[in-house]
Amino acid sequence: MSGKRILIVGATSAIAEATARLFAARGDALYLLARDRARAHAIAQDLKVRGATTVHSAELDVADFSAHARAIERAFAAMDGLDIALIAHGTLPNQARCDMDIDYALREFAVNGTSTIALSNLIAQKLQAQGHGMLAVISSVAGDRGRAGNYLYGAAKAAVSTYLSGLRQRLNKQGVNVLTIKPGFVDTPMTAQFKKGALWATPEAVARGIMRAMDRRRSVAYLPPFWWVIMAVIRAVPEFVFRRMKL
Amino acid sequence: MASMMPSWGRYPPARQHVLRVHDRFAPLPHFEGHALPRGNGRSYGDVCLDDGGTLLDARGLDRFIEFEANNGVLRCEAGVLLSEILELCVPRGWFLPVVPGTRFVTVGGAIANDVHGKNHHRVGSFGCCLRAFELLRSDDTRKICSREENPDWFAATIGGLGLTGLITWAELQLQPLRNAWFDTETVRYDTLEDFFALSDESAEAWDYTVAWVDCTARGKALGRGVFSRGNHAYIAPHAREPHEGRLKIPFTPPFSLVNGASLRAFNALHFRRAPRTVRRATQHYRPWLFPLDGIRNWNRMYGPRGFLQYQCVLPPHVARDATRELLERIAASGTGSFLAVLKQFGTIASPGLLSFPRPGTTLALDFANRGRGTFELLDKLDETVAAAGGAVYPAKDARLTGVRFRQYFPAWRQFSEFIDPAFSSGFWRRVVQ
Ligand SMILES: Cc1cc2nc3c(=O)[nH]c(=O)nc-3n(C[C@H](O)[C@H](O)[C@H](O)COP(=O)(O)OP(=O)(O)OC[C@H]3O[C@@H](n4cnc5c(N)ncnc54)[C@H](O)[C@@H]3O)c2cc1C
Ligand SMILES: NC(=O)c1ccc[n+]([C@@H]2O[C@H](COP(=O)([O-])OP(=O)(O)OC[C@H]3O[C@@H](n4cnc5c(N)ncnc54)[C@H](OP(=O)(O)O)[C@@H]3O)[C@@H](O)[C@H]2O)c1
C-alpha cells in the first residue's frame with residue numbers, strides 16, 4: 001500500500017490542518033475527528049482535492065469522555081488499522097479566570113490534560129495490538145515549566161508530556177513510536193489576541209517540523225527546534241531565582 | 001489590535017484593526033465602524049486599506065472545495081492564492097485562464113479587482129472565467145451569485161473593490177493544458193509605431209503579448225522597448241523545472257534605490273541587452289508569466305515613502321496619440337520605473353459593472369513617491385487619460401480625485417447601491433467625496 005492511514009483528533013486545529021495538507025499531498029488516507037462538523041467536513045473536502053486517497057470525518061468533543069472509546073474504535077475500523085495518530089486539540093485557558101474559578105480550571109485541565117491522556121491510552125492499546133504505528137501528540141513548551149501567566153495550561157501539558165514519556169518507554173519494544181511535539185509560539189486562532197514577534201512560527205513551518213520528526217521516528221520535537229535551547233535555559237534556572245522572574 | 005498591514009506600494013499609510021476570517025460558514029466577525037475584506041495585499045494603493053476601520057483578513061479562507069478533473073471546474077474558498085491553484089492544477093493538466101503579473105493574489109482579490117493578464121485580448125478578464133461565488137453580507141445574509149442567479153450582484157461584485165460583501169468561495173472554469181511551458185518570442189523594437197504594429201501582427205497567433213517600454217527614451221526613440229509573446233507549448237522540453245530564485249530585498253532601505261541615474265542606466269541596459277531579431281525560447285510558466293515573483297519584497301526598494309503605480313487604458317481610436325503624450329510627459333519628468341509595461345487589451349467584455357479592462361492600450365509603471373512633484377505629474381497624466389476617454393486602474397491607484405474616478409467609471413452610481421452599508425475603503429471614501 002502506498003499512502004499511510006492517519007487519524008487526527010482535533011482536526012480543525014490550525015497546526016493539525018497544516019500537517020494534514022502535507023499528508024494529503026503525499027497521498028495518505030485520513031480520518032478526522034473534530035467537534036465542529038461543518039468545518040471538519042470543509043477540511044475533509046480540501047484534503048481530498050489536495051490528493052488524500054480517502055478522507056472520513058466524524059464528530060468528537062474530547063470533553064465528552066464517554067464518547068472516546070467508540071470514536072477511536074470506529075476510526076480504527078474504518079481505516080482498517082492506523083499507521084499514525086495525531087492528537088492536536090487544545091485550548092488556551094484564561095489564567096486569571098482559572099485562579100478565581102476552580103470549576104473552570106478543572107474543565108480546562110480536562111480538555112488539555114486528562115482527555116489527551118485518555119485518548120493516548122486508548123490509541124496506544126490499539127497500536128500495541130497491531131504491533132506497529134505511531135502516536136504523535138501536540139504538547140507544548142509551556143509544559144516544561146510553570147509560569148504565572150499560564151500555569152494551568154502548562155500543568156496540563158506537563159501531565160501530557162510526562163505521560164507520553166512513560167508510554168514511550170512502555171511501548172519501546174512493541175514497534176510503536178510515541179512522539180511528543182512541543183511547539184513554541186505559533187500564530188493560530190488560539191493565539192489570535194497576542195502581539196506577534198520574532199519568536200513566532202507559522203502553522204505551516206510547525207507542520208513541516210512535525211513531518212520531519214515523524215519520518216525520523218523522533219521521541220520529542222521542539223518546534224521550531226531553537227525552542228529546545230530556550231527551554232533548556234529556562235529549565236536550568238533555579239527555582240529561587242525563577243520565582244522572582246517575570247516571563 | 002491596530003496594525004499597519006500596508007498595501008503593496010506602501011502608500012498611503014493606514015492604521016486598521018485586523019480580524020482574521022477562517023471559517024466560511026461563520027458570520028462576519030464583530031467589528032465597530034466600517035470594515036473591508038483583505039486578500040493578500042497585492043493592490044498597490046488603498047483599495048485594500050481601510051484607515052480607521054477593520055480589515056477582514058480572508059487569507060485564512062484557504063480551502064479547496066471541489067475539483068472536477070474531467071471538466072476543469074474548481075471550487076475553492078476566496079483566500080486561496082492563485083499560486084496554490086497553479087501548484088494543484090498544472091500537474092493535473094489545467095491552467096488558470098487569467099493570471100496577473102504576480103501569482104501571489106487571492107481568488108477574492110482577483111475578483112474584486114477583476115484582474116487581467118497578458119492574454120486579455122484572447123480571454124478577457126478574471127470575471128470571464130468565473131462561474132459563481134458566494135457573497136456574505138454584514139447583515140449575515142448570503143447570496144450565491146452567477147450569471148443566472150443574482151446576476152446583478154454577480155456584476156457588481158466583479159471589480160466591486162471588496163465593497164459589496166465578503167466573497168467566501170468561488171467557482172472557476174479552468175483551461176486544459178498540455179504542459180507547464182510556454183513557447184515564447186522576444187524582440188526589441190525601436191518606436192512606438194513598431195509597438196502597435198507588433199501588437200496587431202501578434203494578436204491572432206499569440207495568446208499572450210506584452211511589451212516592456214523604456215520610459216526614459218525621448219524623441220525618435222520614444223516608446224522603444226522589448227516585445228514578448230507566448231503560447232502554451234505543445235511539447236514540453238526535456239528540461240527540468242527551473243528553480244525559483246530565493247532573491248529577496250530583506251529590509252527597507254532608508255531612501256529609494258530608484259532614482260534618475262539608476263533609472264536611465266537600467267532602462268538603457270535592458271533595451272541594449274534585448275535581441276535585435278526575434279529570439280525564440282521555451283520557458284517555464286513561472287519565470288515567464290511572473291518574473292517579479294522571483295524577487296520577494298521588491299517593493300521595498302522604493303524606500304520608506306513607498307511608491308505609486310499608474311496604470312491607465314486608452315481607447316483604440318486615440319491610443320497612439322494619447323500614449324505618445326503620456327510617454328513624453330513621463331520621459332520629460334525624468335521619473336518612472338525600471339518596468340513600464342504596454343499592452344493591447346482586447347474586446348471581450350467582462351460581466352463586471354466597475355471593471356477596469358476595456359478595449360484599447362494599457363500603460364503601467366511605477367513612480368517613487370517624491371511627494372508633490374510625483375502627484376502633480378500623475379494629475380497631468382490624468383488630464384491626457386480623461387481627454388482621451390480612458391480610465392485609471394483602481395487596483396494600482398492611491399491618489400485619483402473623485403472627479404476623475406467618476407469620469408472613468410460612470411457606472412459608479414449604479415454600483416453604489418450594492419455596497420454593504422458596513423463596508424468601506426480608503427479608496428472609496430476618497431473617490432466619492
Ligand atoms: C507585481 C504585481 C503585478 C501585478 N500585475 C497585475 C496584472 O498584470 N494585472 C492586474 O489586473 N493586476 C495586477 N496586479 C494587481 C493585483 O493583481 C490586484 O491588486 C489583486 O486584486 C490583488 O489581490 P490580493 O489578493 O492581494 O487582494 P488585496 O490587494 O488584499 O485586495 C484587493 C481588493 O480585493 C478585495 N478583496 C480581497 N479579498 C476579498 C474577498 N474575500 N471578498 C471580497 N473582496 C475581497 C479587497 O477588499 C480589495 O478591494 C499586480 C500586482 C503586483 C504586486
Ligand atoms: N498556538 C500555539 O502557540 C501553541 C503552542 C504550543 C502548543 N500548542 C498546541 O497545539 C495544539 C493545536 O493548537 P492550535 O495552535 O492549532 O490552535 P487552534 O487552531 O485553536 O486549535 C485548537 C483545536 O482544539 C479544538 N478543541 C478545543 N476544545 C475541544 C474539544 N472539547 N473537543 C474537540 N476539539 C476541541 C478546537 O476545536 P474548535 O475549532 O471547534 O474550537 C481547535 O480545533 C493544541 O494542543 C495547543 O495546545 C499551540
Output the pairs from B:K343/B:K380; B:K220/B:K380; A:K48/A:K173; A:K48/B:K248; A:K48/A:K157 with a Cα-Cα distance over 29 Å in this structure; if there are none, say none.
A:K48/A:K173; A:K48/B:K248; A:K48/A:K157
Reduced to Cα centres, the span from the stretch B:271-322 to the stretch A:123-180 in Å works out to 54
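How large is the helix-only mean residue ellipticity at 222 nm for the protein assembly as shown, computed as the sum of -39500 (n - 2.57) over DSSP H runs with n ≥ 4, divided by its residue count, in deg cm²/dmol to the nearest 500?
Details: 22 runs with 225 residues, N = 680.
Rounded to the nearest 500, it is -10000 deg cm²/dmol.
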Cα centroid of the stretch B:171-189 to Cα centroid of the stretch A:36-77, whole Å:
40
Residues whose modelled amide H sits under 5 Å from the amide H of B:A391, counting only those 5 or more places away in sequence or on another chain, are B:V313
Furthest towards positive pole of dipole, A:F185, B:H232, B:I144, structure part the protein assembly as shown, Cβ charges:
A:F185
Can you work out ³J(HN,Hα) from phi for every residue in the stretch A:188-199, in order, using Karplus 6.51 cos²θ - 1.76 cosθ + 1.60 and θ = phi - 60°, giving whole Hz and x for Gly and Pro?
9, x, 4, 10, 4, 7, 8, 6, 9, x, 5, 7
For q = 0.12, 0.14, 0.28 Å⁻¹, what log10 I(q)/I(0) does the stretch B:116-184 give under the Debye formula with an equal point scatterer on each alpha carbon and no solvent?
-0.40, -0.51, -1.33
Starting from the Cα gyration tensor of the stretch A:5-242, take the square roots of the eigenvalues, sort them a ≥ b ≥ c, and report rounded, prolate or oblate (rounded when a/c is under 1.5, otherwise prolate if a/b is larger than b/c, else oblate).
rounded
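Give me the percent of the accessible area of the protein assembly as shown that comes from carbon and sulfur atoms, probe 1.4 Å, all protein chains in place. Each step should come with its number before you reach the end.
Numbers: 15730 of 28990 Å².
Its accessible area is 54 percent carbon and sulfur atoms.
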So what is Rg over Rh here for the stretch B:305-433, counting just Cα atoms and using Kirkwood for Rh?
0.96
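D for the stretch A:195-237, whole µm²/s, Stokes-Einstein with Kirkwood Rh over alpha-carbon pairs at 20 °C and 1.002 mPa s: what number? Display every interim value, and only then the final one.
Values: Rh = 11.5 Å.
Translational diffusion coefficient: 187 µm²/s.
Could you state the orientation-averaged shadow area of the convex hull built on the Cα atoms of chain B, in nm² to one decimal? Please report the intermediate quantities before stating the final value.
Values: hull surface 78.9 nm².
With every direction weighted equally, the projected area is 19.7 nm².
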Show me, for the stretch B:321-335, the HN-Hα J-couplings you get by feeding each phi into the Karplus relation (A = 6.51, B = -1.76, C = 1.60, θ = phi - 60°), rounded to Hz, glycine and proline as x.
5, 5, 4, 4, 4, 5, 5, 4, 4, 5, 4, 5, 6, x, 10
Among B:T401, B:Y189, B:A319, whose Cα projects farthest towards the positive end of the dipole of the stretch B:181-406, with charges put on the beta-carbon of Lys, Arg (+1) and Asp, Glu (-1)?
B:T401
Hey, got the dipole for the stretch B:82-213? About the Cα centre, +1 on K and R Cβ, -1 on D and E Cβ, debye to the nearest 20?
480
Can you give the alpha-carbon Rg of the stretch B:295-380 over 2.2 N^0.38 Å, where N counts its residues?
1.21
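Within 12 Å, Cβ to Cβ, of A:K157, how many net charges do the neighbouring residues add up to if Lys/Arg are +1 and Asp/Glu are -1?
Values: positive: A:R145, A:R147, A:K182; negative: A:E108, A:D144.
Counting the neighbours of A:K157, the net charge comes to +1.
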Among A:11-19, A:120-128, the order from most to least packed when residues are scored by Cβ within 10 Å on average
A:11-19, A:120-128
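What is the sum of charges, Lys and Arg at +1 and Asp and Glu at -1, for the other residues whose Cβ falls under 13 Å from the Cβ of B:A211? If you can, show how the numbers build up before the last one.
Numbers: positive: B:K118, B:R188, B:R224, B:R229, B:K343; negative: B:E185, B:D190, B:E193, B:D194, B:D200, B:E201, B:D214.
Around B:A211, the surrounding residues sum to -2.
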Using the Cα gyration tensor of the stretch B:223-349, with a ≥ b ≥ c the square roots of its eigenvalues, what is the shape: rounded (a/c below 1.5), prolate (a/b larger than b/c) or oblate (neither)?
oblate
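Looking at the protein assembly as shown, send over the antiparallel percent of its DSSP beta bridges, to the nearest 5.
Working: 63 of 103 bridges.
Here the antiparallel bridges make up roughly 60 percent for the protein assembly as shown.
Using the Cα centre of the stretch B:18-120 as the reference point, and only Cβ charges (+1 on K/R, -1 on D/E), how large is the resulting charge dipole? Debye, rounded to the nearest 20.
Details: 10 positive and 13 negative charges, 68 e Å.
About 320 debye.
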If Lys and Arg each add +1 and Asp and Glu each add -1, what is the summed charge of the other residues whose beta carbon sits under 13 Å from the beta carbon of A:A124?
+3
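For the protein assembly as shown, what is the accessible area per residue in Å², given a 1.4 Å probe and the full set of protein chains? Could you put the intermediate results ahead of the total?
Details: 28990 Å² over 680 residues.
Value for the protein assembly as shown: 43 Å² per residue.
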Positive end of the charge dipole of the stretch A:5-242 (Lys, Arg +1 and Asp, Glu -1 on Cβ, about the Cα centre): tell me which of A:A159, A:G51, A:A34 has its Cα farthest that way.
A:G51
How big is the stretch A:1-97 in terms of Cα radius of gyration and Dmax, in angstroms?
13.4, 50
Show the residues, 5+ positions off or on another chain, whose built amide H is closer than 5 Å to the amide H of B:F182.
B:A233, B:Q283, B:H284, B:Y285
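What is the dipole size for chain B, taken about its Cα centre, with +1 at each Lys and Arg Cβ and -1 at each Asp and Glu Cβ, in debye to the nearest 20? It would help to have the intermediate numbers written out before the result.
On the way: 52 positive and 44 negative charges, 301 e Å.
Its charge dipole is roughly 1440 debye.
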B/A buried area, accessible surface, summed, 1.4 Å probe, Å²:
1300
I need the Debye-formula profile for the stretch B:181-406: one equal scatterer per C-alpha, no solvent, reported as log10 I(q)/I(0) at q = 0.07, 0.13, 0.16 1/Å, two decimals.
-0.23, -0.83, -1.26
If one computes P(r) from the Cα atoms of the protein assembly as shown, what percent of pairs lie at distances over 45 Å?
28
Taking H as built 1.01 Å from N, whose amide H comes closer than 5 Å to the amide H of B:K118, not counting residues under 5 places away?
B:V99
Mean Cα-pair separation over length for the stretch B:73-210, i.e. relative contact order, pairs under 8 Å, 6 or more apart, %:
31
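The values are calculated or read from the model by the stated rules, or taken from the named source; none is laboratory data. Owing to the predicted nature of the structure, the values given are computational and were not obtained by experimental measurement. All Cβ positions, even for glycine, are placed from backbone atoms using ideal geometry, and neighbour counts span all protein chains on display. The area values use the complete protein model at the heavy-atom level, side chains included, leaving out ligands, DNA and RNA. Shrake-Rupley method; radii C 1.70, N 1.55, O 1.52, S 1.80 Å.
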